[in-house]
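Engineer: I am attaching a structure below and will ask some questions about it afterwards.
Please treat every number below as a calculation from the coordinates, not as lab data. If you're wondering where the values come from, they're calculated on a predicted model, not measured in any experiment. FYI the Cβ positions are ideal-geometry reconstructions off the backbone, even for glycines, and counts take in every protein chain you see.
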Amino acid sequence: MPENLSDILKNKTVGIAGAGGLGSNCAVALARVGVGNLIITDFDVIDKSNLNRQYYFLHQLGQKKVIALRNNINLINPEVKVNAIDIKLQAEDIVKIFSDCDVIVEAFDLAEMKHMIIETVLLEMPDKIIVSGVGLAGWGNNNSITTSYSDRLIICGDGETEVSDDLPPLAPRVGIVANMQANQVLEILLS
């Protein structure tokens with residue numbers, strides 16, 4: 001990577017709400033390119049069922065996701081500062097936790113949590129852009145995964161495919177969307 005891009009990225013801060021499939025993979029992609037500061041929030045622990053799509057390892061089962069992800073990122077790029085916050089985000093936490101971020105990534109599983117952070121950022125943080133992942137369940141149909149733009153909201157995914165028993169979240173599509181989110185973050189940070 002050109003040195004001037006590296007210098008820009010090392011001084012940027014990205015907030016990531018959720019450390020599951022989208023959040024863990026997006027965070028790792030951003031750490032690999034040298035984004036200097038990551039603020040990552042989640043309250044959950046690693047379960048064996050997470051390993052089919054999340055950036056964790058078998059020996060990390062039972063650990064808090066934010067702590068394990070911070071440790072994994074430290075192995076990849078120890079120059080990245082990770083503020084790992086063990087919290088189940090509420091609307092009132094969002095502004096306080098992510099106010100110093102250059103961009104915010106929404107990486108929640110539940111639709112109501114997605115709605116909460118998007119609404120809070122758009123209404124209460126007028127200088128922030130939020131990058132969301134919606135529609136990533138199942139497998140195949142690569143060409144359905146796109147990016148849509150609306151003012152300060154960027155959505156990566158197919159916008160439709162909900163997780164269900166027949167369409168579980170699996171590594172290929174989750175990883176594609178997480179990396180699309182990371183790519184959009186880079187576009188914002190470097191523009």
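Engineer: I'd like the full set of residues that are among the charged types (D, E, K, R), closer than 21 Å to Gly21 by Cβ and outside any strand (DSSP E or B), limited to region 70-86.
Structural biologist: Initial filter on region 70-86 (among the charged types (D, E, K, R)): 70, 79, 81, 86.
Checking the rest, the ones that are also closer than 21 Å to Gly21 by Cβ come to 70, 86.
Listed by number, the list holds a single entry, Arg70.
Engineer: Taking strands (runs of 3 or more DSSP E) that do not extend beyond region 88-191, which have at least 1 residues that are in contact with a Cys (Cβ under 8 Å, 6 or more places away or on another chain)?
Structural biologist: Details: elements: 103-106, 130-133, 146-150, 153-157.
Those strands (runs of 3 or more DSSP E) span 103-106, 130-133, 146-150.
Engineer: Can you name the residue in region 1-30 that is in a helix (DSSP H, G or I) and touching a Leu at 6+ places or on another chain (Cβ under 7 Å) and is also nearest to Gln63 (Cα to Cα) among such residues? Lay out the reasoning, then the answer.
Structural biologist: So the first thing to find is which residues in region 1-30 are in a helix (DSSP H, G or I), and the list is 3-9, 21-30.
If we keep only those that are touching a Leu at 6+ places or on another chain (Cβ under 7 Å) as well, we get 5, 8-9, 24, 27, 30.
On the way: Leu5: 34, Ile8: 33, Leu9: 29, Ser24: 14, Ala27: 17, Leu30: 22 Å.
Checked region 1-30; the qualifying residue nearest to Gln63 (Cα to Cα) is Ser24.
Table: residues versus (1) of a type in the set (Gly, Ala, Ser); (2) surrounded by fewer than 19 Cβ atoms within 10 Å (Cβ to Cβ); (3) within 16 Å of Leu22 (Cβ to Cβ).
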| residue | (1), (2), (3) |
| --- | --- |
| Lys88 | no, yes, no |
| Val95 | no, yes, no |
| Ile104 | no, no, yes |
| Glu119 | no, yes, no |
| Met125 | no, yes, no |
| Gly135 | yes, no, yes |
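Engineer: Looking at Gly36, Gly18, which one is in contact (Cβ under 8 Å) with a residue 12 or more places away in the chain, small (Gly, Ala, Ser) and either crowded, with 23+ Cβ neighbours inside 10 Å or within 27 Å of Pro168 (Cβ to Cβ) (or both)? Give the derivation first.
Structural biologist: On the way: Gly36 fails: either crowded, with 23+ Cβ neighbours inside 10 Å or within 27 Å of Pro168 (Cβ to Cβ) (or both).
One residue alone meets the criteria, Gly18.
Engineer: OK, next. Before we move on, is Asn50 more than 22 Å from Ile176 (Cα to Cα) and not in a strand (DSSP E or B)?
Structural biologist: Working: more than 22 Å from Ile176 (Cα to Cα): no; not in a strand (DSSP E or B): yes.
No, not satisfied.
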